[in-house]
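The values are calculated or read from the model by the stated rules, or taken from the named source; none is laboratory data. The structure presented is a predicted model; accordingly, all values stated were derived computationally and were not measured. All Cβ positions, even for glycine, are placed from backbone atoms using ideal geometry, and neighbour counts span all protein chains on display. Quick note on the areas: whole protein, heavy atoms, side chains included, nothing else; ligands and nucleic acids left out. Shrake-Rupley method; radii C 1.70, N 1.55, O 1.52, S 1.80 Å.
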Amino acid sequence: VRTFGGTFGAHCGHLFPKFRYWLHRWDLRNAGPQCYDCNVNQEGQQIRMFSYLEKVYGHETMAELMQEIDDFDLKRKAGIIKSKPDVFFVESEIKRLKSN
């Protein structure tokens with residue numbers, strides 16, 4: 001069992017990297033608590049992260065996320081979605097998150 005104490009504390013790990021899958025950066029289905037070592041040194045421990053998120057949200061919800069990620073990749077490759085978010089997306093996400 002990992003603890004989150006020490007110099008680096010708890011981290012918010014992402015199943016799908018937030019820099020590449022920016023549309024899902026703040027999606028709770030894509031994020032969970034991790035220690036510094038798992039998140040930074042072990043590149044997020046994706047298999048363990050998926051297992052954790054599947055326990056929290058269920059198989060069906062994670063299958064939906066996987067489909068959304070596949071769709072995002074296809075749209076990005078086709079040029080429909082940009083590689084980085086624009087300022088309007090970021091501003092709208094900030095407003096949405098503050099309203100919750």
* Specify the longest stretch of the chain that does not include any exposed loop site, a site being one of the trypsin sites (Lys or Arg not before Pro) with a non-H, G, I, E, B DSSP assignment and at most 13 other Cβ atoms within 10 Å. => 3-81
* **Low-density loop positions, GluC sites (Glu not before Pro), segment 34-82 - DSSP coil, at most 13 other Cβ in 10 Å** => Glu43
* Can you list the chymotrypsin sites (Phe, Trp or Tyr not before Pro) in segment 1-80 that are in a DSSP coil and have 15 or fewer other beta carbons within 10 angstrom? -> Phe4, Phe8, Phe19, Trp26
* Which of these, Gly13, Gly58, Gly79, has the largest mean-square fluctuation under a Gaussian network model of the chain (Cα springs below 10 Å)? -> Gly79
* To do: With everything on Cα atoms, drop me the angle between helix 87-99 and the longest principal axis of the chain, reported from 0 to 90° to the nearest 10.
  => 50 degrees
* **Summed residue charge, Cβ within 9 Å of Met62's Cβ, Lys/Arg positive, Asp/Glu negative** => -2
* Structure fact -> Under the rule rounded for a/c under 1.5, else prolate if a/b exceeds b/c, else oblate, using alpha carbon gyration tensor axes a ≥ b ≥ c, the chain is classed as prolate
* **Cα→Cβ-extended label distance, 7 Å offset, between Glu43 and Val87, nm** => 3.5 nm
* Structure fact -> Here, Ile80 and His59, labelled 7 Å along Cα→Cβ, have an inter-label distance in nm of 2.9 nm
* What number, in percent, do you get for the relative contact order of the chain if the mean sequence gap of Cα pairs under 8 Å and at least 6 apart is divided by its residue count? -> 25 percent
* Considering the dipole of the chain built from charges on the beta carbon (Lys and Arg +1, Asp and Glu -1) around the Cα centre, which of Thr61, Leu97, Ile47 is farthest to its positive end? -> Leu97
* Using a 1.4 Å probe on the protein chains only, how many percent of the accessible area of the chain belongs to carbon and sulfur? -> 57 percent
* **Point-to-point label distance, Ile94-Tyr36, nm (Cα→Cβ direction, 7 Å offset)** => 2.9 nm
* Structure fact -> In the structure shown, of Lys18/Lys98; Lys55/Lys95; Lys55/Lys77; Lys55/Lys75; Lys75/Lys98, the pairs separated by more than 26 angstrom at the C-alpha atoms are Lys55/Lys95; Lys55/Lys77; Lys55/Lys75; Lys75/Lys98
* Structure fact -> Subtracting the Cα-Cα distance of Asp71 and Tyr52 from 0.36 nm times their residue separation yields 4.5 nm
